[in-house]
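*Asks:* Quick one: this structure, given as structure tokens, is what I'll be asking you about.
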Amino acid sequence: MAIRAHVVPVLLRAGPVQFVLVRDVFAGVEVKPSLAALGRRFVDDFWNTGQTWLEACRRATDLLIIGEAPGADEDRLGEPFVGRAGQLLDQMLLAIGESRDSVFIANILKCRPPDNRDPRLEEVLQCEPFLRRQLALVQPKVILAVGRVAAQSLLKSQDPVGRMRGRDYRFADTPLLVTYHPAYLLRRPQEKAKSWQDLQFAWRLLNDG
């Protein structure tokens, strides 16, 4: 079963917008020869799908949030982090003076895996150049990796989130913090206090300079 690829939009409702176009994200990204077959499928599916969207954001966004991959609802609606998990993310951002309008949301995988399974290593590797291109365009001060899959993929680690959180990592020379995924917090509300600590950590990094 082919994976249907897309680029998730982050829509701004106010303020000046500079668009990060699909062509900007794809420009100059080289498909690794060892993953050429997957690359051909990725590009073919991207252009053949009926859901090809722009990503929009402020070019100088301070906070970049990275999740794992679009789920079924995100794929259908064309918006990241929807439903109860999305509402909780909105509350988390509001707690540090941010909103969807002031951050950029991306995913490790630029497409929805079949049956919402975890992304495979070869898929993560194929999409990483696009993620790095997004990072170069957005130029955030801080990256917040939410959830196990995003954190482990970015940091090339098998450590659980509980062991990774609370540390200041680097990804492409940008500070990276790890926290729990909002969906996990809905299942384990007792961990919300730890996520609040992570958000405070992110706020301090955002406001240090």
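*Asks:* Return the only residue of Pro175, Pro119 being without any contact (Cβ under 8 Å) to a residue 60 or more places away in the chain and in contact with a Cys (Cβ under 9 Å, 6 or more places away or on another chain).
*Replies:* Pro119
*Asks:* Hey, another quick one. Mind checking which residues of the range 108-131 are within 15 Å of the chain's Cα centre (by Cα) and either among the hydrophobic types (A, V, I, L, M, F, W, C) or modelled with pLDDT of 90 or more (or both)?
*Replies:* Once the filter is applied, which keeps residues that are within 15 Å of the chain's Cα centre (by Cα) and either among the hydrophobic types (A, V, I, L, M, F, W, C) or modelled with pLDDT of 90 or more (or both), the range 108-131 yields Ile108, Leu109, Cys111, Val124, Leu125, Cys127, Phe130, Leu131.
*Asks:* Still on this model: Can you tell me which condition Ser195 does not meet? The list is (1) at pLDDT 95 or above; (2) more than 17 Å from Phe81 (Cβ to Cβ), and all the others hold.
*Replies:* (2)
*Asks:* Can you pull out every residue in the range 78-100 that is under 17 Å from Gln200 (Cβ atoms) and among the acidic types (Asp, Glu)?
*Replies:* Glu98, the sole residue that qualifies.
*Asks:* Taking the range 139-159, which residues are assigned to a helix (DSSP H, G or I) and polar (S, T, N, Q)?
*Replies:* Selection gives Gln152, Ser153.
*Asks:* So, in the range 178-209, exactly how many residues are touching a residue at least 40 places away in the same chain (Cβ under 8 Å) and in a helix (DSSP H, G or I)?
*Replies:* 13
*Asks:* Can we say Ala136 is small (Gly, Ala, Ser), surrounded by fewer than 20 Cβ atoms within 10 Å (Cβ to Cβ) and part of a helix (DSSP H, G or I)?
*Replies:* Spelling it out, Ala136 is indeed small (Gly, Ala, Ser), surrounded by fewer than 20 Cβ atoms within 10 Å (Cβ to Cβ) and part of a helix (DSSP H, G or I).
*Asks:* Considering (1) within 16 Å of His181 (Cα to Cα); (2) out of contact with any Pro (no Cβ under 6 Å at 6 or more places or on another chain); (3) surrounded by 17 or more Cβ atoms within 10 Å (Cβ to Cβ), say which one Asn116 fails and leave the rest.
*Replies:* Single failed check for Asn116: (3).
*Asks:* Based on this model, can you work out whether Asp75 counts as modelled with pLDDT under 90, surrounded by fewer than 22 Cβ atoms within 10 Å (Cβ to Cβ), touching a Cys at 6+ places or on another chain (Cβ under 9 Å) and outside any loop (DSSP other than H, G, I, E, B)?
*Replies:* Answer is yes for this residue.
*Asks:* Do you know which residues across the range 88-126 are over 24 Å from Ala193 (Cα atoms) and in a helix (DSSP H, G or I)?
*Replies:* The answer is Pro114, Asp115, Asn116, Leu121, Glu122, Glu123, Val124, Leu125, Gln126.
The values are calculated or read from the model by the stated rules, or taken from the named source; none is laboratory data. Keep in mind that this is a model prediction, so the values were computed, not measured. When we count neighbours, we look across all protein chains shown, and the Cβ atoms used for this are built from the backbone with ideal geometry, even at glycine.
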